[in-house]
1. What length, rounded to one decimal in nm, is gained on full extension from residue 207 through to residue 94, with 0.36 nm per residue of separation minus their alpha-carbon distance?
2. Multiply the residue separation of residue 118 and residue 166 by 0.36 nm, subtract the distance between their alpha-carbon atoms, and state the gained length in nm to one decimal.
3. Subtract the Cα-Cα distance of residue 44 and residue 8 from 0.36 nm times their separation in residues, and report this length gain in nm to one decimal.
4. Could you sort out which of 33/107; 10/57; 14/119; 119/194; 57/131 sit more than 24 Å apart by Cα distance in this structure?
5. Whole-Hz ³J(HN,Hα) for each residue in region 8-25, computed from phi via Karplus 6.51 cos²θ - 1.76 cosθ + 1.60 with θ = phi - 60°, x for glycine and proline: what do you get?
6. Hey, if you put +1 on the Cβ of every Lys and Arg and -1 on every Asp and Glu Cβ in region 66-140, which of 104, 69, 88 ends up farthest toward the positive end of that dipole?
7. For region 4-64, what does the relative contact order come out to in percent, with C-alpha contacts under 8 Å and a separation of six or more?
8. Could you work out the percent of alpha carbon pairs in region 32-105 separated by over 14 Å, rounded to a whole number?
Amino acid sequence: MIASLSGTLKSISKSEIVLEVNNVGYLLNVSSKVISTLGDVGSKLSMFTDLQVKDDKIIMYGFFNQIDQTIFRLLQSVQGVGPKAALSILSALTVEELILAISSGDKAMISRAEGVGSKVAGRIATELLEKVSNLNLINTDKNIDFVKSSQENLNLVNETNHIDNQVIEDAISALVNLGYSRSEVFSILMKIKKEFSLKHETKEFTVGNIIPLALNALTQVTK
């Protein structure tokens, strides 16, 4: 199994690159996000890889880091998601955005990916919720504070009682109806939930009390 390659970038196309290692050129299928951030042809490049053998084809996929590699494989554990769809999702969303979409149940965000419909997006959000929360992603890349925050949100949802969960869901519904996306609303509400008892000791955790806090936070984000 080839887990990674380091060599010279020989060519770039719409969705593929050729990475030359010891005078052998490896064709790697990559996401559009990888394509958009590559250096010039001739530059040195290291990629994590995933090798798949199907029928008479051997196809290799390339990733900048182990997080993308892990998520690519995890996505394919969902029925209806093959390597093409998994790569499409990684082209449409960053890992941080995908984890937030899964943690908030935001099917619309996941279905931004080409070829991923609402039904498959729903399965991804449902089936990967626990798997994503159990992944040890924190130590695999130095620039994933947002991922850590998303995992904390997942843990907070699991620890929250049924009444508070209903309050959060009602608040999400109200704010989404005002035009905000479910993912950004969820992230804000999880932060409010985490800090509410410390900052608002005399108030109850109700929709009426948290909506103004959420609107204020959302306004600050959009400035």
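All of the numbers you see were taken from the coordinates with simple rules; none came from a lab. What you are looking at is a predicted structure, and each value in this text was computed from that prediction instead of being measured. With ideal geometry, Cβ positions are generated from the backbone for all residues, glycine too; neighbour counts draw on all protein chains shown.
1. My answer for the length gained is 37.6 nm.
2. Details: separation 48, 0.36 × 48 = 17.28 nm, distance 2.36 nm.
The span from residue 118 to residue 166 would gain 14.9 nm if fully extended.
3. 12.5 nm
4. 14/119; 119/194; 57/131, as the Cα separations exceed 24 Å there.
5. 10, 6, 9, 7, 9, 10, 4, 9, 9, 9, 10, 10, 8, 10, 6, 6, 10, x
6. 88
7. The normalised contact order for region 4-64 reaches 34 percent.
8. Of all Cα-Cα pairs in region 32-105, 66 percent lie more than 14 Å apart.
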